[in-house]
């Protein structure tokens, strides 16, 4: 576990977390958040939200993001990338439009999206949409900012826990 402060959420903070997560990712997520929730503050300011011994969310710059481990439990829009883009995105690169196979047309600029590979449909990264979903598949430009990917610091914490 990375260095930093660790503490339990108070009841009011827990209620606010469940409400925020439910609004952003669907009511079904409330059941995945156990009553015993801890926050682990990493030395870079990122806050890991741990429930039942599993890191389910993280908060970075005040924004709540799901981890890759719970992407299949929540309602989240997806961007499908070609296999040539996978190693770059898995290494932390942002998603460029030419590497996009398809994108949910309901994606709005600023939405949190799961980035999945075209062959297996496996989520390899989480990102912030920089353009609308119907504009993502284009000949050039950046479409999604990578915020969490396989192999990053948060992922390594997930692998340990």
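The values are calculated or read from the model by the stated rules, or taken from the named source; none is laboratory data. All figures in this text were calculated on a predicted structure; none of them were measured in a lab. Methodologically, a virtual Cβ is constructed for each residue, glycine included, from the backbone with ideal geometry; neighbour enumeration extends over all protein chains shown.
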Being in contact with a helix residue (DSSP H, G or I) (Cβ under 6 Å, 6 or more places away or on another chain), part of a loop (DSSP other than H, G, I, E, B) and farther than 14 Å from residue 100 by Cα is the filter here, so list the residues in the stretch 122-161 that pass it.
-> 150
Scope the stretch 20-35; condition surrounded by fewer than 19 Cβ atoms within 10 Å (Cβ to Cβ), in a helix (DSSP H, G or I) and out of contact with any strand residue (DSSP E or B) (no Cβ under 7 Å at 6 or more places or on another chain); matching residues | 22, 23, 27, 28, 30, 31
Inspect the stretch 36-57 for any residue being under 14 Å from residue 112 (Cβ atoms), at pLDDT 90 or above and crowded, with 16+ Cβ neighbours inside 10 Å and give the result as yes or no.
-> yes
Would you be able to tell me the number of residues in the stretch 79-109 that are free of Cβ contacts under 8 Å to residues at least 40 places away in the same chain, surrounded by 13 or more Cβ atoms within 10 Å (Cβ to Cβ) and closer than 26 Å to residue 27 by Cβ?
-> 2
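Go through the residues of the stretch 10-19 one by one and say whether even a single one is within 13 Å of residue 66 (Cβ to Cβ) and in contact with a strand residue (DSSP E or B) (Cβ under 8 Å, 6 or more places away or on another chain). It would help to see each step written out before you state the result.
Pass one, the stretch 10-19, residues within 13 Å of residue 66 (Cβ to Cβ): 17.
Keeping just the survivors that are in contact with a strand residue (DSSP E or B) (Cβ under 8 Å, 6 or more places away or on another chain) gives 17.
For the stretch 10-19, residues within 13 Å of residue 66 (Cβ to Cβ) and in contact with a strand residue (DSSP E or B) (Cβ under 8 Å, 6 or more places away or on another chain): present.
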Take the residues in the stretch 1-19 that are surrounded by 12 or more Cβ atoms within 10 Å (Cβ to Cβ) and part of a loop (DSSP other than H, G, I, E, B), then tell me which one is modelled with the highest pLDDT.
-> 9
State whether one or more residues within the stretch 56-70 are at positive phi and assigned to a loop (DSSP other than H, G, I, E, B).
-> yes
